[in-house]
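Worksheet for the structure shown next.
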Amino acid sequence: MSAVPTALPRLLLAAPMSGSGKTTITAGLIAALTARGLRVAPFKCGPDYIDPSYHALAAGRACHNLDAWLVPPAQIPGVLARRSAGADLALIEGVMGLFDGYAGDDDTGSSAHIARLTATPVVVVLDVQAMARTAAALVAGLRDFDPQVRVAGVILNRAGSVRHAQLVTRAIEDATGLPVLGTLIREEAITLPERHLGLVPTSEAGRWQAWIDAVRTRIEASIDLDRLLALAHTAPALATPAQMAVSGQPSAVSGQPSAVSGQPSAVSGQPSAVNGQPSPFTLHPSIIAVARDEAFSFLYEDNLDLLRAAGGQISFFSPLHDRALPEGTGAIYLCGGFPELYAAQLSANQPMLAALRRAAAAGLPIYAECGGLMYLTEAVVDVEGRSYPLVGLLTGRSVMTPRLTMGYRTVQAQGDSWLWRTGETIRGHEFHYSTWADRPAPTPWLYQCQPDVLRPESSREGAHQGNVLASYVHLHFLAYPELAVRFVAAAQTS
């Protein structure tokens, strides 16, 4: 496939480690440049759902993920180019430390990996609150560690004073020759609130716009935006393959050719009537009802776009606030989020719980990830031991624990379903504090998690119960576009 060069000014904001302030500075830069009248395309490296919500709010357009472990690396430049269409420049927030990826023996999936794949210059965000000249050594090390990654500049964060910033700036510029573009002084007023899964998503109530405005004001006063833009314009033309069509054609998954024929199959076991009455869910059978509210917001926009491209009609609904599913729902997508924080309200919305039970009884395809799985169990038990009854399509309870389960996963389908064929493999990720307690042994497993360098033992995951498919594993459909085709086919035949 021939490469198509695309002129796209761009920068990647990275750091030596997590917690350095990448999200704050990236969101502030996006807001400041947008205020100048520039169209900024925001991106986030890795699988994160929360940080992109800040960037989308600052940019006034969706923020997209660039994950070279979940998605085949060859697709990354194309995703960057397509999602930057019409923009004046792209700003990409990195993940963890610059060279931190899937495992310690290489940097696959890291910010550095994305920088290499897209030939994007890197600006280092450096937290200098407890250092002075050592900052220069850190920057020099990051610059020289991989010659294929171009570190082009530095932004200092959490300096103790103007004098402190001047000392560190002089040390870095004298030792490395790299420009320091400016400094944010340490200030609690612009520190983002955090909880058990990181930052608080902007889908929840909060003064997020006021926070972005405050950070933008400080960025405008202390960062040389003209110099930053000049660095963005030094990025070479982005070489991308011709745009990939979204179809049911097989794609490589985890480096192996897919065995999928690309033809949608019939969805078995889907009655057209309930108790002898016409099903209320067959008016417009290509409609896919997608959960979206304060409790459910963890979903890749690429997944929705692939469903639309495959012929699906997306209709959002709120398990918190709505009393019924969208009219004509043909399939349901319950994404991740924080149902544990809204368990009382979710439990109190009895009409919605009943609507989901009726949908399952009617044989509608229901796909649930992480928070969606929790919602489908009999109850959520919070950290204080309080139990809140929920949908109950899956026997057992979702119990909050102090232990975080997180990481990339390679999963293999354990049976045929409306979405999967036995033995198919895809990459995904987990990030949750709950466990599925009292899961009945006879319930068929959805996936087998394959062993890897971090988890040497295989394990089983999720559930396949009728047309309900639920798992803690989040998926990115760009890794396997057939999923979108099958999802829409299932909605059309329900």
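The values are calculated or read from the model by the stated rules, or taken from the named source; none is laboratory data. For clarity, every value in this text was computed on a predicted model and none was experimentally measured. Cβ coordinates were reconstructed from backbone atoms using ideal geometry, including for glycine residues, and neighbour counts include every protein chain displayed.
The table below lists the values:
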| item | result |
| --- | --- |
| Strands (runs of 3 or more DSSP E) contained entirely in segment 3-76, each with at least 2 residues that are within 30 Å of Gln129 (Cβ to Cβ) | 10-14, 40-45, 64-66 |
| Test: residue in segment 125-147 that is of a type in the set (Gly, Ala, Ser), at pLDDT 95 or above and part of a loop (DSSP other than H, G, I, E, B) | yes |
| Test: Ser434 is under 30 Å from Arg308 (Cβ atoms), in contact with a strand residue (DSSP E or B) (Cβ under 6 Å, 6 or more places away or on another chain) and either in a strand (DSSP E or B) or not β-branched (Val, Ile, Thr) (or both) | no |
| Unique residue being out of contact with any strand residue (DSSP E or B) (no Cβ under 8 Å at 6 or more places or on another chain) and of a type in the set (A, V, I, L, M, F, W, C) when the list is Leu469, Leu454, Leu478 | Leu478 |
| Residue satisfying all of: in segment 26-78; small (Gly, Ala, Ser) and touching a Cys at 6+ places or on another chain (Cβ under 8 Å); farthest from Leu181 (Cα to Cα) among these | Ser53 |
| Arg82 vs. criteria under 19 Å from the mean Cα position of the chain (by Cα) and not aliphatic (A, V, I, L, M) | yes |
| Set Leu29, Leu33, Leu38: member being surrounded by fewer than 23 Cβ atoms within 10 Å (Cβ to Cβ) and either under 16 Å from Ile212 (Cβ atoms) or without any contact (Cβ under 8 Å) to a residue 12 or more places away in the chain (or both) | Leu38 |
| Every pair of residues 6+ apart whose Cβ atoms lie under 6 Å, when the first sits in segment 284-309 and is on the phi < 0 side of the Ramachandran plot while the second is charged (D, E, K, R) | Glu294/Glu204 |
| Residue satisfying condition, being within 28 Å of Ala491 (Cβ to Cβ) and either of a type in the set (Ser, Thr, Tyr) or touching a helix residue (DSSP H, G or I) at 6+ places or on another chain (Cβ under 9 Å) (or both), within set Thr377, Thr435 | Thr377 |
| Those residues of segment 81-120 which are in a strand (DSSP E or B), under 10 Å from Leu66 (Cα atoms) and not acidic (Asp, Glu), in sequence order | Ile92 |
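Yes/no matrix, rows are residues, columns are (1) surrounded by 21 or more Cβ atoms within 10 Å (Cβ to Cβ); (2) free of Cβ contacts under 8 Å to residues at least 60 places away in the same chain; (3) under 22 Å from the mean Cα position of the chain (by Cα):
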site: Leu376; (1), (2), (3): yes, no, yes
site: Arg386; (1), (2), (3): no, yes, no
site: Val391; (1), (2), (3): yes, yes, no
site: Arg403; (1), (2), (3): no, yes, yes
site: Val411; (1), (2), (3): yes, no, yes
site: Gln414; (1), (2), (3): no, yes, no
site: Leu419; (1), (2), (3): yes, no, yes
site: Thr422; (1), (2), (3): no, yes, no
site: Phe431; (1), (2), (3): no, no, yes
